[in-house]
Amino acid sequence: MCHDKKQTGGLRPMSASPKLPEFRTLDYAVEDGVAIATFNRPEKMNTFTSAMMYDLLHLFDVTDADDDVRAVIVTGSGRAFCAGADLDSGGDTFDFDRHAGRKNQIAGVHRDGGGQVTLRIYDSLKPVISAVNGAAVGVGATMQLAMDIRLASTAARFGFVFARRGITPEACSSWFLPRLVGMQTALEWVYTGRVFGADEALSRGLVRSLHEPDDLMPAARALAREIADNTAPVSVALARQMMWRLHTADHPMEAHRVDSRAIVSRGKTEDVTEGVTAFLEKRPAAFPAKVSTDMPDFYPWWPDPRFR
């Protein structure tokens, strides 16, 4: 774990607080409402392992439960964000029956580890920002598709290289990728399996902005700070789920039903009183409601047939 203030950019090291969790493949720090998770296997290009999968699942349980965390940044160390699956097992790397047996299955079918991660990110109550510092290949690219906003270094490289390894896209990317960049671009990237640069990722809509390497994390922190300093946590948590779950609804009436419940529920809370009063008094708002205890009673709405 990182204990060097210079390395963490002034964030609290893990040893500074017993409340901070332990991870095997991530460094974790929290500063003023922003959690930063950094893949810490630079000698292995931060390649994806089962330990990393479990760390990421745990990470979003931790950030959802911590009301002091208002936004999450995920980044890498060294030359890579995450350079795909760890291939130390050679040709047997993707022989999941041999490696995992039946312990990671549903109805006898193997559950893809990257998919478990993206589904957990999809359920996150906190905004998730990726700061792509270098190579993001295979699952290193697909895990980001469920994150909300992607910033990239000019040194970043991306690749959906599955067909070049004889496998298929994973981590629910066949659902996420076409929705983010369009079907034509998604198919081109998957069919060719080529690695492409940050400029192409920006022009095709995969990333929001490009930054010089030394400017990447300051830009990601500034974006996270804008969320943490100015918005109501419960409103952001609801909005995140509304946007992700309703963008493929069959009819806008589905959104209207949820919108109506949400604005009525929120409208009678102390958050709204504070938000309006702070605006009128020209001061920063201090929203009292917490994600851990104050989500509205209709949340989650998606199992309820009345919202379909």
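Summary of computed values
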read-out: Residues of region 197-220 satisfying the condition of being surrounded by 18 or more Cβ atoms within 10 Å (Cβ to Cβ) and free of Cβ contacts under 8 Å to residues at least 24 places away in the same chain; value: R204
read-out: Enumeration of residues in region 154-172 that are outside any loop (DSSP other than H, G, I, E, B) and buried (at least 24 other Cβ atoms within 10 Å of the Cβ); value: F158
read-out: Search result, residues across region 36-52 that are more than 13 Å from the chain's Cα centre (by Cα), among the aliphatic types (A, V, I, L, M) and either surrounded by fewer than 22 Cβ atoms within 10 Å (Cβ to Cβ) or outside any helix (DSSP H, G or I) (or both); value: M45, A51
read-out: Residue in region 181-199 that is over 22 Å from N133 (Cα atoms) and assigned to a loop (DSSP other than H, G, I, E, B) present; value: yes
read-out: Lone unmet requirement of (1) modelled with pLDDT of 95 or more; (2) within 25 Å of the chain's Cα centre (by Cα) for H247; value: (1)
read-out: Single residue of region 173-182 satisfying the filter (in contact with a helix residue (DSSP H, G or I) (Cβ under 9 Å, 6 or more places away or on another chain) and not basic (K, R)) that is surrounded by the most Cβ atoms within 10 Å (Cβ to Cβ); value: S173
read-out: Complete set of residues in region 239-254 that are within 16 Å of A146 (Cα to Cα) and assigned to a helix (DSSP H, G or I); value: A239, R240, Q241, M242, M243, W244, R245, L246
read-out: Residue check, R225 among the basic types (K, R), closer than 30 Å to S265 by Cα, out of contact with any Ser or Thr (no Cβ under 8 Å at 6 or more places or on another chain) and at pLDDT 95 or above; value: yes
read-out: Qualifying residues in region 255-308 (those that are among the polar types (S, T, N, Q) and not in a helix (DSSP H, G or I)) - the one surrounded by the fewest Cβ atoms within 10 Å (Cβ to Cβ); value: T293
read-out: Subset of region 180-206 [of a type in the set (V, I, T) and closer than 9 Å to F160 by Cα]; value: V190, T192, V195
read-out: Selected residue (criterion: farthest from A71 (Cα to Cα)) from residues of region 239-268 that are touching a residue at least 24 places away in the same chain (Cβ under 8 Å) and among the basic types (K, R); value: R257
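The values are calculated or read from the model by the stated rules, or taken from the named source; none is laboratory data. Fair warning: this is a prediction, and the values are worked out from it, not measured in the lab. Note: ideal-geometry Cβ built from the backbone for every residue, glycine included; neighbour counts use all protein chains shown.
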